[in-house]
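What follows is calculated from the coordinates using simple rules that are stated; it is not laboratory data. Bear in mind the structure is a predicted one, so any value in this text is a computation, not a measurement. Glycine gets a Cβ as well: all are built from the backbone with ideal geometry, and neighbour counts include every protein chain shown.
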């Protein structure tokens, strides 16, 4: 019985550890860079699982060594049994491939990347 509890505990730690991570983002000065678009305009609402991303202008806010983070114009909403749960977040753009977009949500434990938004109706704005 004790072995089963240990295995379940390890599985939970691996699952939860894979969902989020330490927030290693640092601010970007959009005026100081010309190689990166300053905005992403999401032309229609899109979703990744239960997270809904509103249409509008997402602003370049921060980066880490993997990519750039564009903050949503308002709250993202997670659909749940208790209603709509608001979250801070936005769109992540890979430095290696700017056509690869993912959503991100700021959680108490760090930043969590969610879904693939590459097929969303969007435009880069400089």
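Key figures
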| item | result |
| --- | --- |
| Simple spin-label estimate for residue 123 and residue 55 in nanometres, 7 Å along Cα-Cβ | 1.3 |
| Projected label distance in nm at residue 82 and residue 38, using a 7 Å step from Cα toward the beta-carbon | 4.0 |
| Potential extension, residue 97-residue 116 segment - 0.36 nm per residue separation minus Cα distance | 5.5 nm |
